[in-house]
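Any read-out appearing in this document is the output of simple, stated calculations on the displayed coordinates, not a laboratory observation. Quick caveat, the model's predicted, so the values are computed rather than measured. Because the Cβ atoms are built from the backbone with ideal geometry, glycine has one as well, and the counts that use them run over all protein chains shown.
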Amino acid sequence: MLTQLEMKQTLLVALEANDFETVRTLALQSRKVLSVLVRLAYDKTSLTGWRAIKAIGHVASLYVRNNYDFLRDTIRKLLWSLSDESGGIGWSAPEILGEIVCADPKKLADIIPLIAEVYSVEEKVFRPGVLYALKRIGETCPESIEPFQEIVLSGLSEKDPLARVYALELLAMLRNKLDSAVLGKARQQVAGLGQDRAEVWIYKDDGFVGLEVGELASSVIKQFDNIV
């Protein structure tokens, strides 16, 4: 059995190599892997941090079947970290929760509205993460995020350009499922973002890529134009 330090070092090597199979193997040997990954995931400025977030999704796909109660307890702690009562700040908790729910959106359906509720808390720093989580869940089960269209619409006007990018990606995903009233508002807001020159770096395809809000908005509005 690896010590906590040995486990952390092994996980760091695996994450650096983008080796999720090793992570899964370790997770089957010890549930402590999930706790270590959560701690590593709090640095969203590094590849290691983002790969830890992704790795948690891989572990969740195992634990949702054979360690469900432990996974639920981890979810509870992550949600708690987002509350004022926790005394801390769950910087990456929304993103982590999104990856966990992706493991089985049907079985973890009760967690989705709890993630969405975080968008309304006073601490706006969580809003990009909530939009990211909804996007990830929507990639697996789009119907599960349809009730939260107003949050997606609100994300288009967020001050943080990262939130605007995630909201645009969500809209592109949901474009054929939007309520008519939301679709009309979305068209107008997305068109207004066409000249938005803010640029963000997001984790995609195993690395960081730069995206300009205006370019993404122009792409999304073209997709809207194809909606009958």
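For the pair Val13 and Ser120, a Förster radius of 35 Å applied to the C-beta separation gives a FRET efficiency near 0.30, rounded to the nearest 0.05. Where only DSSP H runs of four or more residues are counted, the chain gives -19500 deg cm²/dmol as its mean residue ellipticity at 222 nm, each run worth -39500 (n - 2.57). Projected onto their three principal axes, the Cα atoms of the chain cover extents of 57, 35, 32 Å, largest first. Cross-link pairs exceeding 22 Å in C-alpha to C-alpha distance, out of Lys44/Lys77; Lys8/Lys204; Lys44/Lys124; Lys177/Lys222; Lys107/Lys204, comprise Lys8/Lys204; Lys107/Lys204.
In this label model, Thr3 and Phe224 are separated by 5.8 nm, measuring between points 7 Å along each Cα→Cβ vector. Sorted from longest to shortest, the spans of the Cα atoms of the stretch 150-228 along the three principal axes equal 35, 24, 21 Å.
Running Debye on the stretch 43-139 with equal point scatterers at the Cα sites and no solvent, what base-10 log of I(q)/I(0) appears at q = 0.10, 0.11, 0.23 Å⁻¹? The computed values of log10 I(q)/I(0) come out as -0.23, -0.28, -1.27.
Would you order Ile202, Ile115 from fewest to most other beta-carbon atoms within 10 Å of each residue's own beta-carbon? The partial results should precede the final answer.
Details: Ile202 16, Ile115 28.
In order of increasing Cβ crowding within 10 Å: Ile202, Ile115.
Here the chain is treated with +1 on each Lys and Arg Cβ and -1 on each Asp and Glu Cβ, and its dipole about the Cα centre works out to around 300 debye. Relative to the dominant Cα principal axis of the chain, helix 180-192 is inclined by about 90°.
Taking the Cα centre of the stretch 132-174 as origin, work out the dipole magnitude from +1 charges on Lys and Arg Cβ and -1 charges on Asp and Glu Cβ, in debye rounded to 20.
Numbers: 4 positive and 7 negative charges, 31 e Å.
My answer is approximately 140 debye.
Assuming charge only on the beta carbon of Lys and Arg (+1) and of Asp and Glu (-1), the dipole of the stretch 37-100 about its Cα centre is about 240 debye to the nearest 20. By how many degrees, 0 to 90 and rounded to 10, does the Cα axis of helix 127-140 deviate from the longest principal axis of the chain? For helix 127-140, the angle is close to 80 degrees. Since only Tyr203, Val152, Leu183 are under comparison, the one whose Cα sits farthest along the positive direction of the charge dipole of the stretch 150-228, derived from C-beta charges on Lys, Arg, Asp and Glu, is Leu183.
When the chain is modelled as a GNM with alpha-carbon springs shorter than 10 Å, which of Tyr42, Tyr119, Tyr203 fluctuates the most? Residue with maximal mean-square fluctuation among Tyr42, Tyr119, Tyr203: Tyr203. Using θ = phi - 60° in the Karplus curve 6.51 cos²θ - 1.76 cosθ + 1.60, the 3J(HN,Hα) couplings for the stretch 30-47 round to 8, 6, 5, 4, 5, 5, 5, 4, 4, 5, 5, 7, 7, 9, 7, 8, 10, 4 Hz; x is entered for Gly and Pro.
Given the options Asp205, Asp69, Asp160, which has the most mean-square fluctuation in a GNM of the chain, springs set between C-alpha atoms less than 10 angstrom apart? Taking springs between Cα atoms under 10 Å, the residue moving most is Asp205.
Between Glu215 and Ser35, full extension at 0.36 nm per residue minus the direct alpha carbon distance yields a gain of 61.0 nm.
Relative to the dominant Cα principal axis of the chain, helix 68-81 is inclined by about 60°.
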